[in-house]
Amino acid sequence: MGLIARALEARGLPTLSMTCLWEVSQCFKPPRTVFLDFPVGCPAGKPNEPELQLDILRAALRAASQFGEPWKIFELPFQWSEDGGRAWEEEVRDIYRNGLGIVSAHTADHRARGESLVGQEQQFTLRCNC
């Protein structure tokens, strides 16, 4: 996304990126980036918490006016855990560790219904309600 942001900026379209991976953003140097110390894939906050997501989005947009130098990363003051703890890191590791089992179970469920996912990925994503 950082490379896309840079290409858009080169064509005159301002961008604002949100990241959970500080080091990756430093490498790709998007023009303006806000960082949240959240699990990968959740730069806008926790699922099913629209108030928090709106607060994060508003803070990110407010931060956009604070960028003066190129390739700056601005850290937003939100925490994943209310107590500021880092237990979520182990939870995320477990999800990735066990993720293949989750995907395999999901695929097996469709196979049991006589559905093949091979070659039908686009149709699957459009009609799967799981």
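The values are calculated or read from the model by the stated rules, or taken from the named source; none is laboratory data. Here the structure is a predicted model, which means the values were calculated and not measured. Positions of Cβ are generated from backbone atoms using ideal geometry, with glycine treated the same way; all protein chains shown enter the neighbour counts. For accessibility, only protein heavy atoms count, side chains too; no ligands or nucleic acids. Shrake-Rupley method; radii C 1.70, N 1.55, O 1.52, S 1.80 Å.
Could you identify the single residue in Pro70, Pro30 that is at pLDDT below 85 and closer than 18 Å to Gly2 by Cα? Matching residue, one of Pro70, Pro30: Pro70.
Just to be sure before I move on: is Arg6 free of Cβ contacts under 8 Å to residues at least 24 places away in the same chain, open to solvent by 80 Å² or more (accessible area, probe 1.4 Å), over 24 Å from Val92 (Cα atoms) and not hydroxyl-bearing (Ser, Thr, Tyr) in the structure I sent?
Working: free of Cβ contacts under 8 Å to residues at least 24 places away in the same chain: no; open to solvent by 80 Å² or more (accessible area, probe 1.4 Å): yes; over 24 Å from Val92 (Cα atoms): yes; not hydroxyl-bearing (Ser, Thr, Tyr): yes.
No; evaluated as a whole, the condition is false for this residue.
Looking only at segment 28-38, decide whether some residue is among the aliphatic types (A, V, I, L, M), closer than 28 Å to Arg93 by Cα and out of contact with any strand residue (DSSP E or B) (no Cβ under 9 Å at 6 or more places or on another chain). So far as segment 28-38 goes, no, none of its residues is among the aliphatic types (A, V, I, L, M), closer than 28 Å to Arg93 by Cα and out of contact with any strand residue (DSSP E or B) (no Cβ under 9 Å at 6 or more places or on another chain). Being at pLDDT 85 or above and more than 29 Å from Lys29 (Cα to Cα) holds for only one residue in Glu75, Glu51, and it is Glu51.
So which residues in segment 15-40 are within 15 Å of the chain's Cα centre (by Cα) and open to solvent by 40 Å² or more (accessible area, probe 1.4 Å), if there are any at all? If the condition is that a residue be within 15 Å of the chain's Cα centre (by Cα) and open to solvent by 40 Å² or more (accessible area, probe 1.4 Å), then Leu16, Met18, Leu21, Trp22, Glu23, Val24, Asp37, Val40 are the ones that fit. Note on segment 41-63: residues that are in contact (Cβ under 8 Å) with a residue 24 or more places away in the chain and open to solvent by 80 Å² or more (accessible area, probe 1.4 Å) amount to 1.
Contact annotation: residue pairs with Cβ atoms under 7 Å, 6 or more positions apart or on different chains, pairing a residue in segment 70-92 that is touching a residue at least 40 places away in the same chain (Cβ under 8 Å) and open to solvent by 70 Å² or more (accessible area, probe 1.4 Å) with a partner that is among the charged types (D, E, K, R) and part of a loop (DSSP other than H, G, I, E, B), are Trp71/Lys29. Can you spot a residue in segment 1-16 that is closer than 23 Å to Gly85 by Cα and modelled with pLDDT of 85 or more? No: zero hits.
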